[in-house]
Amino acid sequence: MSRVTLEQWRMFKAVVDAGGFARAAERVHKSPSSVNHAVQKLEEQLGVEVFELQGRRAGLTPAGQALLRRAEHLLEEAAEIEALAGALAGGVESELHLALEQIVPMGPVLEALEAFSRDQPATRIQLHEVVLEDGAQRLAEGQVDMLLAPHVPSGFLAHEIGEQVMVCVADPGHPLVNGTGGLTRRDLRPYRQVVLRDSGEKGGGEGGWLDADQRWTVGHVSTVLDVLRCGVGFAWVPLDRAAADLDAGRLTELPLEAGARVRVPFYLTLADGGAAGVAGQALADGLHAAFQDSRSATGKDR
């Protein structure tokens, strides 16, 4: 059985859009007889009539109306496939891997990724949430294309593009909250601290101040917050992740003598540096712009 070609569907759609064969021929730069032949061939192959004369216009039959919706989807998909092929031929990466330290603010990252996906629909994104040395290991081993983290891996160059505020918090009913204020490290030491575990295969370490006698080590920031809401520990957590809990009174800042809030700069490191591909450079530029806008909006622009 002979199959209908994309060109025949294009001629069919052209006649619908133009309202007739002669005008369709002008739009697609073909002779009226060529357009007419393509549509007649389509009708023969499908075994249905798709057009009927309505005065001087070519109107759709019920079958034609049903087929038009599917034809439009088919032509859109074909255009997307051709665009993807063109992007790949032009050196645009089909996939990018971004390693993201868990404490990095998610708002600007998601804003940058959304804008990137609109401009570079041919490139898929793989997001890797990492802790401590895991991101550096993945970058060095070529597993990711770029890293957003509070440190620059050895042997790489990077740009500082933002900062996070780490805030020391606990449940409002925690004994440390009910003190007189001005808590010191000695005051914290007898209580349970919740910390993040290095997510790397070679890791196993933990980050931050680690002098507490008791310690629970978990794998994700969201788990840290879950533990804190149960009232069984304290921790330094990203301010943007804890903001809703602080506003709602589910968590409260500890009244430390110093260090209750710690500003942590973070950097964007590219695996290939200046040799990044079209999509890689576009994503890097988008991340820079998103964090710059975030700083400006919060009054932290330098």
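Structural remarks
- Where a residue in segment 126-138 is in the same structural domain as D198 (by TED's automatic domain parsing) and its partner, wherever it lies, is in a loop (DSSP other than H, G, I, E, B) and acidic (D, E), with Cβ under 6 Å and at least six apart: none
- Residues in segment 159-187 that are among the small types (G, A, S) and modelled with pLDDT under 90: G179, G181, G182.
- Taking the numbered list (1) loosely packed, with under 15 Cβ neighbours inside 10 Å; (2) over 17 Å from V264 (Cα atoms) in turn, E111 passes all entries but (1).
- Residue selected from segment 110-168 under the condition part of a loop (DSSP other than H, G, I, E, B) and β-branched (V, I, T), by the criterion farthest from L100 (Cα to Cα): T123
- The single condition from (1) within 24 Å of E101 (Cβ to Cβ); (2) out of contact with any Leu (no Cβ under 7 Å at 6 or more places or on another chain); (3) modelled with pLDDT of 90 or more that P190 fails is (1).
Conditions tested, residue by residue: (1) buried (at least 21 other Cβ atoms within 10 Å of the Cβ); (2) assigned to a helix (DSSP H, G or I).
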{"site": "A258", "(1), (2)": "no, no"}
{"site": "V264", "(1), (2)": "no, no"}
{"site": "T269", "(1), (2)": "yes, no"}
{"site": "A279", "(1), (2)": "yes, yes"}
{"site": "L283", "(1), (2)": "yes, yes"}
{"site": "L287", "(1), (2)": "yes, yes"}
{"site": "F291", "(1), (2)": "yes, yes"}
{"site": "R295", "(1), (2)": "no, yes"}
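- Test: A24 is among the small types (G, A, S), within 42 Å of the chain's Cα centre (by Cα) and surrounded by 15 or more Cβ atoms within 10 Å (Cβ to Cβ): yes
- Test for A149: is it among the small types (G, A, S) and buried (at least 22 other Cβ atoms within 10 Å of the Cβ): yes
- I103 falls short on exactly one of the conditions (1) more than 30 Å from T123 (Cα to Cα); (2) among the β-branched types (V, I, T); (3) in contact with a helix residue (DSSP H, G or I) (Cβ under 8 Å, 6 or more places away or on another chain); (4) at pLDDT 90 or above, and that condition is (1).
- Just one residue in the set A170, A158, A115 is under 30 Å from W216 (Cβ atoms) and not assigned by TED's automatic domain parsing to the domain that holds A18; that residue is A170.
- Residue pairs meeting the criteria (Cβ under 7 Å; at least 6 apart or on separate chains; first closer than 18 Å to G219 by Cα and touching a residue at least 60 places away in the same chain (Cβ under 8 Å), in segment 229-246; second among the polar types (S, T, N, Q) and surrounded by 17 or more Cβ atoms within 10 Å (Cβ to Cβ)): G233/Q193; F234/Q193; A235/Q193; P238/Q164
The values are calculated or read from the model by the stated rules, or taken from the named source; none is laboratory data. Computed from a predicted structure; not experimentally measured. FYI the Cβ positions are ideal-geometry reconstructions off the backbone, even for glycines, and counts take in every protein chain you see.
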